[in-house]
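To start, the structure itself, in structure tokens.
The values are calculated or read from the model by the stated rules, or taken from the named source; none is laboratory data. Treat the numbers as computed from the prediction; the structure is a model and nothing was measured. In this analysis, Cβ positions are derived from the backbone assuming ideal geometry, glycine residues included, and neighbour counts consider all displayed protein chains.
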2 protein chains.
Amino acid sequence: MEKVKIAILGFGNVGTGVWKILLENKKEIMKRSNYEIEVTKILVKDINKKRDIAVAPGILTNNIDDIINDESIKIVVELIGGCSEAKDYMIRAMKSKKHIVTANKLAIANWSKELFKIADTENVLFYYEASVAGGIPIIREINESLTANRIEQIVGIINGTTNYILSKMTLDGSSFDEALKEAQDKGYAEADPTSDVDGYDAVYKLAIMSSLAFGTEVDHDCIYREGIRNISAVDIEYAKKFGYTIKLLAIAKEINNKLELRVHPTLIPSTHPMANVNDVYNSIMIKGNAVGELMLYGKGAGDLPTGSAVVGDIISILRNNIKPVDLTETSCTVEFKEVKKARENESEFYIRLDFKDKEGVLGDTANIFGENNVSIVSITQDVERGDHSSLAFITHKSEEKNIRNSLNKIIQLDSVNNVESIIRIESFN
Amino acid sequence: MEKVKIAILGFGNVGTGVWKILLENKKEIMKRSNYEIEVTKILVKDINKKRDIAVAPGILTNNIDDIINDESIKIVVELIGGCSEAKDYMIRAMKSKKHIVTANKLAIANWSKELFKIADTENVLFYYEASVAGGIPIIREINESLTANRIEQIVGIINGTTNYILSKMTLDGSSFDEALKEAQDKGYAEADPTSDVDGYDAVYKLAIMSSLAFGTEVDHDCIYREGIRNISAVDIEYAKKFGYTIKLLAIAKEINNKLELRVHPTLIPSTHPMANVNDVYNSIMIKGNAVGELMLYGKGAGDLPTGSAVVGDIISILRNNIKPVDLTETSCTVEFKEVKKARENESEFYIRLDFKDKEGVLGDTANIFGENNVSIVSITQDVERGDHSSLAFITHKSEEKNIRNSLNKIIQLDSVNNVESIIRIESFN
């Protein structure tokens, strides 16, 4: 059987996962790829660092030139992550006629156009299945399985850290701070959890998926973003009463040739399969005009799940699979698609008020909502908390600007202390 | 743009779905395949039959030779379904150097070896994504996305009809007969529902998936099969009390190089995402040793969902995608894998007895279970029904033969009237 030499850049969590899979599943991988894969070089910062995994001497290097200049290396697996160094290495490798596999969502979300152009010019393959949702093969799904469809929507739980936190809050009644602490203790959240908790990570992934699905270029800066720091136990309890579960969703919809792109905490019906996606699991629902709703569920991170996607890409290259569709062109032209402003987006809403005047509040708020074309589906005041009195509303589908206009007036009412929560609802219609 | 001519055999539900998708998504399909697809011939039984869809004159034919002998036709899409006629047509088409796309699970489950060999000899592509689970791209998942994994388990809801019936029984409290009637009225179940309700349809699909996943040849006759006719409202109610939902599952597990293959009603934890898979939806969970649990959810039947898989296959052929892995050989050799006898399989069990002697029954049954190495997790007697008294058990994981041996003795007890239900449990561990 023919041998193929590959190099891995970065030997952290995912890098060691790839190493383990290549070793453990060697027999299966040989059968499926028709190659024996040999990792000849691994780029690390410190070759003398103590590691759990024993690597033969001479494989570790801290000099990228050892890899770029080695003509026997055919595939470079980039697992350094989000820095411009990673981008430079990938470009240099491609210019040395090496195929690329990467798990780097930042690189794809920011520099896909440039990277794919170079791959095209150099006639090498560039695979990035692991860049979105770890072990879930969402890129192949969009690029190869659903080609018969016009994709209408993507709705996903694509950040494991926030899903762990929200699951803890929902199932165990933890507070946000307690759940975050637990996530940090388990290694699911970083010391500075901003990227996950405030939705940035999900925004990058959504930019990649929606570019592919809608055949356009999505700038991640155009995606509306709201994190989960303000979600309280009270909202989770109210949501439950209304039949909903709170999840951080990434949502992309094409409506009349305009895109709605947003990442925010969302109430979803507790009977929807996505409501039971707990802990660090990810789940993505794609709606195509032929296939209908298709949902994927799996591990969105971790050494072996992400390694599964990386090694799958290596095998695809060895099988000389089709060239993956460019992010920016499905075959010839990128269509420009306008991204709607957040205030033009439409959702149902969950709104919770803190009030002081029981007699006045209902009539006052109902009038204001009515004047602003917001119609109410249901109201409840069941959850009592000490001296606070709160009132929760579920609205029919409304434009965000109508909600904002209503709340700007409601907050000025004498009968109302505060607008405590405004959370969108996704009903999967 | 280059044109490619294709023919469709059969113009029923899926055939018209394919026609609609090719028309409706023409622009997207051209972009993604780089071809303009023209359906030049459609094989039907009666060319004069009134149809909802207007087809240009000359396209419909009742003579297969019009298609086989037309050298300009490059792809034949076989949608006649489960007869040996379909097989013969596919063989003749391949011998005339035409690529094949089929949705025919019976043909794949029965004659895959022969069909793939001919495709190989004739150097044509043979795609069959639509043969299992309609719109869910499970074949590509196994063959292309999860190649880095040793697959350990496949567990799925892969028959929409039975899932509709069980959902109705669970959510609306319908009886089996009422739910079946409703399914028939809606066109989800046939006048003779045997193939769905007794599990045959699921068995064929499981044979295809497990052959691919385990790199072996699975004879569908070796799969243990049990339908849903005996599921009662009482069992659904008890299951709910224990925290479970009843689903018809297809299960394939590789344990110590032996296969466990079975299709039967199953209690699954109500907190598992699969418990919320309702109506005619399908869902398949694959467990790989790298990726962990990966689940897919979508429409397992219907004109457009199944058409989505068929047209996706056509586009894959046009993109000259990799040749799909043979059912029977992952690359070179098929491994023989022993299929375990049903009595050697292990599960947890739900067992319900009808008893007459409240004082005696608990001690009597507990002794017998104990003697046969069956240990009990919980017992309940909560659900009362008129003059009957029933007792439900949940066991720890046990070999089936121990369960059978216990029940053979329990049924002879004076304190017991009858063993009413024996349903396996799947805990997704």
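Quick one: would you say B:Met274 is modelled with pLDDT of 95 or more and either more than 24 Å from B:Ala130 (Cα to Cα) or not hydroxyl-bearing (Ser, Thr, Tyr) (or both)? Step through it out loud before you land on a result.
Numbers: modelled with pLDDT of 95 or more: no; either more than 24 Å from B:Ala130 (Cα to Cα) or not hydroxyl-bearing (Ser, Thr, Tyr) (or both): yes.
Here the answer is no, as B:Met274 does not meet what is asked.
Going through (1) away from chain A (no Cβ under 11 Å); (2) buried (at least 23 other Cβ atoms within 10 Å of the Cβ); (3) touching a helix residue (DSSP H, G or I) at 6+ places or on another chain (Cβ under 8 Å) one by one, B:Leu259 falls short only on (2). Within 13 Å of another protein chain (Cβ to nearest Cβ) and surrounded by fewer than 15 Cβ atoms within 10 Å (Cβ to Cβ) - does that describe any residue in region A:65-84? No - not one qualifying residue is present in region A:65-84. Picking from residues in region A:281-308 that are part of a helix (DSSP H, G or I) and within 8 Å of chain B (Cβ to nearest Cβ), the one that is surrounded by the fewest Cβ atoms within 10 Å (Cβ to Cβ) is A:Leu304. If you check B:Gly58 against the conditions, is it of a type outside the set (S, T, N, Q) and either within 27 Å of the chain's Cα centre (by Cα) or assigned by TED's automatic domain parsing to the domain that holds B:Leu212 (or both)? Judged against the criteria, B:Gly58 is not a match.
Can you tell me which residues in region A:378-410 are among the aliphatic types (A, V, I, L, M) and either in contact with an Asp or Glu (Cβ under 9 Å, 6 or more places away or on another chain) or modelled with pLDDT of 95 or more (or both)? So that I can check it myself, show each step before the final result.
Of region A:378-410, the ones among the aliphatic types (A, V, I, L, M) are A:379, A:383, A:391-392, A:394, A:403, A:407, A:410.
Scanning region A:378-410 gives A:Val383, A:Leu391, A:Ala392, A:Ile394, A:Ile403, A:Leu407, A:Ile410.
Check whether at least one residue in region B:26-33 is in a helix (DSSP H, G or I) and either away from chain A (no Cβ under 14 Å) or of a type in the set (S, T, N, Q) (or both), and report yes or no. Looking through region B:26-33, at least one residue is in a helix (DSSP H, G or I) and either away from chain A (no Cβ under 14 Å) or of a type in the set (S, T, N, Q) (or both).
Of the helices (runs of 4 or more DSSP H) lying entirely inside region A:146-213, those containing at least 1 residues that are of a type in the set (Gly, Ala, Ser) and without any contact (Cβ under 8 Å) to a residue 12 or more places away in the chain are A:194-197.
For B:Lys253, the test of being within 20 Å of B:Ile157 (Cβ to Cβ), charged (D, E, K, R) and part of a helix (DSSP H, G or I) is failed. Within the option set A:Ile142, A:Ile100, A:Ile154, A:Ile158, being buried (at least 22 other Cβ atoms within 10 Å of the Cβ) and in contact with a Phe, Trp or Tyr (Cβ under 8 Å, 6 or more places away or on another chain) holds for one residue only, A:Ile100. For A:Lys117, the test of being touching a helix residue (DSSP H, G or I) at 6+ places or on another chain (Cβ under 9 Å) and either touching a residue at least 60 places away in the same chain (Cβ under 8 Å) or away from chain B (no Cβ under 14 Å) (or both) is failed. Against the numbered list (1) touching a residue at least 24 places away in the same chain (Cβ under 8 Å); (2) charged (D, E, K, R); (3) closer than 21 Å to B:Gly12 by Cβ, B:Asp88 comes up short only at (1). Checked against (1) exposed (fewer than 11 other Cβ atoms within 10 Å of the Cβ); (2) away from chain B (no Cβ under 14 Å), A:Glu2 passes all but condition (2).
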